[in-house]
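Participant: Provided herewith is a single structure, encoded as C-alpha cells, for subsequent inquiry.
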Amino acid sequence: MLFAPADLTEEELELQREVRAFLATELPRGTFEPGLGMAAPRDRGFSAKLAERGWLGMAIPVRYGGRDRSAVDRFVVSEELLRWGAPVGHHWVADRQTAPTINRFGTEEQKQRFLPAICRGELSFAIGMSEPEAGSDLAAVRTRASRVEGGWLLSGTKVWTSGAHVSDWFVVLCRTGESTEDRHAGLSQLIVDLRADGLTVRSIPFLSGHRDFNEVVLEEVFVPDELVLGEIGGGWAQNTSELAYERGGPERWLSTYLLVEELMRAHEEVLGTERASIVLGEMVASWWGLRRLSLSVARMIDAAEAPAVQSALVKEMATRFEQDVLACVQELVALEPVRDGDSLLERILFEATLSAPSFTIRGGTNEILRSVAAKGLGRL
Amino acid sequence: MSDWLLIDGARRLFAETCTHEVVQAAEAEQWSSLVWDAAAGAGYASLSELELADALAVLTVAGEHAAPVPLAEAALAGWLVGETVAGPVSVAPGGGLRIEGDSVSGLARRVPWGHAVERIVAVVEGQAVVLSVASAVRVERHANLAGEPRDTLVFEAAQPEEVRAAACDLRERGALTRVALMAGALAAMARLTVAYAGERRQFGRPIARFQAVQQHLVCVAQEAALVGAAAEGVARAPGLFEIAAAKVLAARAALAASRAAHQVHGAMGMTQEYRLHHFSRRLWAWREEYGDEQHWAARLGEALAVAGAENLYPAITGGSAVV
C-alpha cells in the first residue's frame, strides 16, 4: 500500500476540540487580522500561549520539553491554526522541521540547548538551504565551511531566507568536503546564530511589498564544533529527511482556505446558483481527499517510515489546488483585491493574489517534486 | 480495517481468472461464466452480507482486474432487498418502471448484464421490486463505453417475485460501488503506466527518464492515491458527504488519469491488444454511472451552503457527522 490509512482516533478528535475551543476563546474571529496559512504574522506572545498548552514541539520527547506525542497530533493542531489564520509565523519553521531534525540527528548537548527553548516558543529558526546558484539543484550549494581549530569558518550566500531578520538561528546546508562524482557527498548541516560576527542580513522585498525575504551573507562566520548538526558529510541525507517534514503537511492545502470561508460568510448571495454549488462542492471534495492523504503522510512519519515520495506527490497537487481555489473564488465573486480594503475578503484576496505564485515554488518547486516523485514511483 | 484474508483471496482469484484474454472475450461474448462461477464460488455474489468496508474492498480488487461480471450489482441487489438475491442478479439503475396493481410495467434501462442475469431488482416508488428477466417481453442489448452490457428490459404487466421497502438509497450505494471499482482501476492504471514507462525505450533510454513523461506518471499516481484515500474514507463513513466527495474525486480522476496514462502509452495504448483500455474505458463509463462530478459536487455544495461558513472546516474534517 502506497499510503497509510487516515482516520483520527478519539484522543486525536479530543485534541481537535480543545484547539477549536482555544481559538474561539483566545482569538475570536473579527478580533484579529487573519493571515494566509503559514504566511501568517509572527507573534511571540501567541506562540508562547500555544507552548503553555503543550502544542509546540509536540512530537519531541518530554525530557527535552516536548510532549512525546505524535506527528498526527501536530497535524491536528497545525491544521486548526492554519485554517483559522492564526499568527503562527514565529514558531513555524522551528516547530515543523528544525525541532524534529535536531531531535533525530542532534547531540545530547544540542537537544538540551535548543529543544526546550523551541518547545517554550522562545527560539525561532529560519531555513538555510537555497543559494543564488542552488535553487532546485540544492546539491550545487557553494557555501563552504573550512576546518579551523575548535570549529568551522563558514562563507557563502544564502537567499530566499524567510524571517532571517527576526529569527534567532538557521540551519545551513554547506559544503565541508570536496564535491566528488557523488554530488551528495561532502555536504553538512551547521546550526548558525543569525547574530554572529561576519553575518549580514539584507532584505529582499517581496513583490507585494512585504519584507520577510532575505539574503544572508556569511563571511568567515565561526561555527564551533558543538553546532555541527549530525554527521560531517551526512548533510544531504539529513536535509532530505528534513524535507519530508517540510512537504505534505496541511500548510500545502490551506493557504487559500480562508477565502472560501470568508466568501461564504460575507457573500452568501453568490452561493444560490447551481454553478456556485458545483464549485464549492468540488473544492470541498478536494480538501477532504487531500487532507486524508496529508494525514496519512503524518501517520507514516509516526510509523518511522520515510514518506518522501508520498509527501512530494501530495505537495505537488495540493499547492496547485491552492491556486485553483483562488481562481474559483475570483470566478464566484467580482471583487477587486485591495490591500486596505473595507472587507476582510478584499484584503485577503489581495494577499492571495500576490502570493499565489509562490505556493508551487516554496519548499521545492513542483517541477523538482515531480522528478522526486517519478523516480520514487519507479522504485515503489 | 478490511479483512486481509478476504482481500488476499480476492486478489488471487481475480488475478487468475481475469486475464487479458478472458476480459477481452467477455466483452465479445457479453458474459463470462468462467469469472462469474469462480467469483460466486468464492462467495462474492453475496457481498451484501459482509461488512460494508469488506464488500467495497472486494469490489476494489475486482476493479483492479476489470472483472467483467456484475458483482457490484449483486451487492446492490442484496442491499436493496435486505438479503442476498439468488443470482446472477442485476439492478435497474434508473426509473422507468411503474407498479399497476400487483404487476409492473415499463422500461428498465441501462441494466448491467440485463440479458445474462436471471433476475433484476428495480426501485419503483420506494419499493425494491424483484423481477425475473424471463418475465420481460423484450430485452434490447446495449453497452457502456467499456463494452459492458447495459441492456434495456421491457416489462408489460409482469408479476414481481418480491416487493419490499427499499433498504438503501440506490443512487448513493450505486455511487459507492463505482468509487470502489474506480479506486481499483486507477491503481491498476498507475501500476501499468509506471511499468510501461520504465520498459519502453526511445532515444536510447526508458521514457520514464524524460521529465515531460514523468509529469504524466506523477499525475496518474496522484489521482490513484487520491481516489484510494477517498475509497478508504468513504468505506469507514459512508454518509452522503463522503459519497459525494469521493465520487467527485473519482469522476475527475477518471478523466485526468486516463488522459495522462494514454499519453504515456502512445499508440500502443490505443489498441485492443494492450490492457490499458480495460481500465480507461471502464473509468470513463463508471464516471457517469450513478452521477458524475457535476451532480455530486452540486449536491455537496448545496448542503455546505446551508450549513454555513462556520461549519465549513468542521465539515471537511468531520464529513457527514457535520453536514
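Participant: Which one is most open to solvent (accessible area, probe 1.4 Å) among residues in the stretch B:194-208 that are of a type outside the set (A, V, I, L, M, F, W, C), part of a helix (DSSP H, G or I) and more than 9 Å from chain A (Cβ to nearest Cβ)?
Facilitator: Checking each candidate, the answer is B:GLU199.
Participant: What are the residues in the stretch B:243-255 that are open to solvent by 10 Å² or more (accessible area, probe 1.4 Å) and either facing chain A (nearest Cβ under 10 Å) or among the charged types (D, E, K, R) (or both), if any?
Facilitator: B:ARG252, the sole residue that qualifies.
Participant: Sort out which residues of the stretch A:135-162 are open to solvent by less than 50 Å² (accessible area, probe 1.4 Å), small (Gly, Ala, Ser) and touching a Leu at 6+ places or on another chain (Cβ under 9 Å), and write them in order of number.
Facilitator: A:ALA139, A:ALA145, A:GLY151, A:SER155, A:GLY156
Participant: Right, something else. I'd like to verify a number: residues in the stretch B:214-234 that are open to solvent by 20 Å² or more (accessible area, probe 1.4 Å) and within 18 Å of the chain's Cα centre (by Cα), how many? Break it down into steps so the answer makes sense when it comes.
Facilitator: As a first pass, look at the stretch B:214-234 and keep what is open to solvent by 20 Å² or more (accessible area, probe 1.4 Å): B:215-216, B:219, B:223, B:228, B:232.
Then keep just the ones that are within 18 Å of the chain's Cα centre (by Cα); that gives B:223, B:228, B:232.
Residues that pass the stated criteria total 3.
Participant: A:LEU344: buried (at least 24 other Cβ atoms within 10 Å of the Cβ), out of contact with any Ser or Thr (no Cβ under 7 Å at 6 or more places or on another chain) and of a type outside the set (S, T, N, Q), yes or no?
Facilitator: Judged against the criteria, A:LEU344 is not a match.
Participant: Let me ask something additional. How many of the residues making up the stretch A:293-321 are surrounded by 24 or more Cβ atoms within 10 Å (Cβ to Cβ) and under 17 Å from B:TYR313 (Cα atoms)?
Facilitator: Of the residues in that region, 4 qualify.
Participant: Within the stretch A:110-164, track down each residue that is farther than 28 Å from A:ILE368 by Cα and part of a loop (DSSP other than H, G, I, E, B).
Facilitator: Just the residues of the stretch A:110-164 that are farther than 28 Å from A:ILE368 by Cα, to begin with: A:110-123, A:146-153.
If the condition is that a residue be farther than 28 Å from A:ILE368 by Cα and part of a loop (DSSP other than H, G, I, E, B), then A:ARG120, A:GLY121, A:GLU122, A:LEU123, A:GLU149, A:GLY150 are the ones that fit.
Participant: List the residue pairs whose Cβ atoms are under 8 Å apart, where the first residue sits in the stretch A:66-81 and is over 15 Å from A:TRP92 (Cα atoms), the second is of a type in the set (Val, Ile, Thr), and the two are 6 or more positions apart or on different chains.
Facilitator: Within 8 Å, the pairs are A:GLY66/A:ILE60; A:ARG67/A:ILE60; A:ASP68/A:ILE60; A:ASP68/A:VAL62.
Participant: Got at least one residue in the stretch B:272-287 being over 23 Å from B:ASN144 (Cβ atoms), at pLDDT 95 or above and out of contact with any Asp or Glu (no Cβ under 7 Å at 6 or more places or on another chain)?
Facilitator: Residues of the stretch B:272-287 over 23 Å from B:ASN144 (Cβ atoms): none.
Checked against the condition, which is being over 23 Å from B:ASN144 (Cβ atoms), at pLDDT 95 or above and out of contact with any Asp or Glu (no Cβ under 7 Å at 6 or more places or on another chain), the stretch B:272-287 yields no hits at all.
Participant: Same structure again: Which of the residues that make up the stretch A:52-80 are within 18 Å of the chain's Cα centre (by Cα) and either open to solvent by 10 Å² or more (accessible area, probe 1.4 Å) or under 15 Å from A:GLU11 (Cβ atoms) (or both)?
Facilitator: Matches in the stretch A:52-80: A:TRP55, A:MET58, A:ALA59, A:SER70, A:ALA71, A:VAL72, A:ASP73, A:ARG74, A:PHE75, A:VAL76, A:VAL77.
Participant: For the stretch B:74-87, how many residues are without any contact (Cβ under 8 Å) to a residue 60 or more places away in the chain and surrounded by 24 or more Cβ atoms within 10 Å (Cβ to Cβ)?
Facilitator: Residues flagged as without any contact (Cβ under 8 Å) to a residue 60 or more places away in the chain and surrounded by 24 or more Cβ atoms within 10 Å (Cβ to Cβ) within the stretch B:74-87 amount to 4.
Participant: Quick check, is B:ALA260 out of contact with any Leu (no Cβ under 6 Å at 6 or more places or on another chain), in a helix (DSSP H, G or I), touching a residue at least 60 places away in the same chain (Cβ under 8 Å) and open to solvent by 30 Å² or more (accessible area, probe 1.4 Å)?
Facilitator: no
Participant: Please identify the pairs in which a residue from the stretch A:246-273 that is open to solvent by less than 30 Å² (accessible area, probe 1.4 Å) has its Cβ atom under 6 Å from the Cβ atom of a residue that is among the acidic types (Asp, Glu), counting only partners at least 6 apart or on another chain.
Facilitator: The qualifying pairs are A:PRO250/A:GLU79; A:SER255/A:GLU322; A:THR256/A:GLU322.
Participant: Taking the stated definitions as given, is B:ALA225 assigned to a helix (DSSP H, G or I), at the interface with chain A (Cβ under 7 Å from one of its Cβ atoms) and farther than 19 Å from B:HIS65 by Cα? Steps first, please.
Facilitator: Numbers: assigned to a helix (DSSP H, G or I): yes; at the interface with chain A (Cβ under 7 Å from one of its Cβ atoms): yes; farther than 19 Å from B:HIS65 by Cα: no.
Considered against the rule, which asks whether it is assigned to a helix (DSSP H, G or I), at the interface with chain A (Cβ under 7 Å from one of its Cβ atoms) and farther than 19 Å from B:HIS65 by Cα, B:ALA225 comes out as no.
Participant: Of the numbered conditions (1) within 30 Å of B:ALA315 (Cα to Cα); (2) crowded, with 24+ Cβ neighbours inside 10 Å, A:CYS119 fails exactly one; give the number of that condition.
Facilitator: (1)
Participant: What tally of residues in the stretch A:299-328 results from selecting those that are aliphatic (A, V, I, L, M) and away from chain B (no Cβ under 13 Å)?
Facilitator: Summing the residues that are aliphatic (A, V, I, L, M) and away from chain B (no Cβ under 13 Å) in the stretch A:299-328 gives 7.
Participant: Could you run through the stretch B:137-193 and say how many residues are surrounded by fewer than 16 Cβ atoms within 10 Å (Cβ to Cβ) and polar (S, T, N, Q)?
Facilitator: Count: 1.
The values are calculated or read from the model by the stated rules, or taken from the named source; none is laboratory data. Small disclaimer: the values here were computed from a predicted structure and weren't measured. Positions of Cβ are generated from backbone atoms using ideal geometry, with glycine treated the same way; all protein chains shown enter the neighbour counts. We work out accessible area using only protein heavy atoms, side chains counted, and drop any ligands, DNA or RNA first. Shrake-Rupley method; radii C 1.70, N 1.55, O 1.52, S 1.80 Å.
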